[in-house]
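Reviewing the structure listed below.
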């Protein structure tokens with residue numbers, strides 16, 4: 001089983017995520033156009049099937065919706081990975097997006113951590129506050145139990161920087177979650 005569905009309702013958001021690590025349809029609706037674009041890129045470039053339906057208090061701002069989508073997607077990723085046996089576990093990837101270059105390194109370890117190093121020249125893209133990029137990936141990393149290092153090497157356009165980051169994460173996650181021939185947990189401890 002490499003799929004999961006998770007639902008979370010709070011006073012601020014109502015979110016449903018269905019994730020299939022082995023592919024499937026992609027359908028994203030968060031009410032934040034640029035965020036939908038980035039989540040679609042994450043799904044397409046990882047090869048994951050992904051459905052996200054999110055309703056949030058966007059009259060306040062995008063913070064609760066973006067962070068809570070990260071929480072629920074992280075929980076779905078954790079469930080879909082199960083005990084993490086039989087996967088490659090590690091991967092790193094660079095993605096260029098016009099003048100921007102982003103790097104991601106991931107360890108599907110059961111030990112949540114985020115290192116995020118990216119300067120956003122413009123504070124907002126569409127209705128998306130660029131500072132929420134870090135909040136999304138923190139919520140994703142801590143709720144999925146992965147170690148995630150993200151770095152924007154350079155870039156002048158926040159749209160390009162964020163898109164390069166999402167695609168780098170997508171490719172790194174895709175590779176790290178690939179099945180191995182051994183079927184065993186990749187750890188000297190024998191468990192993660």
Return a yes/no flag: does region 7-30 have any residue that is touching a helix residue (DSSP H, G or I) at 6+ places or on another chain (Cβ under 8 Å), closer than 20 Å to residue 125 by Cα and either modelled with pLDDT under 95 or part of a helix (DSSP H, G or I) (or both). no
Taking the criterion of being modelled with pLDDT of 95 or more and surrounded by fewer than 19 Cβ atoms within 10 Å (Cβ to Cβ), would at least one residue in region 157-165 satisfy it?
yes
Conditions (1) farther than 19 Å from residue 41 by Cβ; (2) in contact (Cβ under 8 Å) with a residue 40 or more places away in the chain -> residue 128 fails only (1)
Legend entry - Residue in region 55-75 that is farther than 28 Å from residue 87 by Cα, without any contact (Cβ under 8 Å) to a residue 60 or more places away in the chain, assigned to a strand (DSSP E or B) and in contact with a helix residue (DSSP H, G or I) (Cβ under 6 Å, 6 or more places away or on another chain) present: yes
Scanning region 131-144 residue by residue, those more than 23 Å from residue 156 (Cα to Cα) and free of Cβ contacts under 8 Å to residues at least 12 places away in the same chain turn out to be none
Margin query: Residue under question is residue 103, and the condition is that it be closer than 25 Å to residue 126 by Cβ and either touching a strand residue (DSSP E or B) at 6+ places or on another chain (Cβ under 9 Å) or modelled with pLDDT of 95 or more (or both); does it hold?
Written below: yes
Residues of region 138-156 being surrounded by 24 or more Cβ atoms within 10 Å (Cβ to Cβ) and under 21 Å from residue 33 (Cβ atoms), in sequence order, are 140, 155
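The values are calculated or read from the model by the stated rules, or taken from the named source; none is laboratory data. The structure displayed is predicted, hence computed values, not measured ones. Using ideal geometry, Cβ is built from the backbone for each residue, glycine included, and neighbour counts are taken over all protein chains shown.
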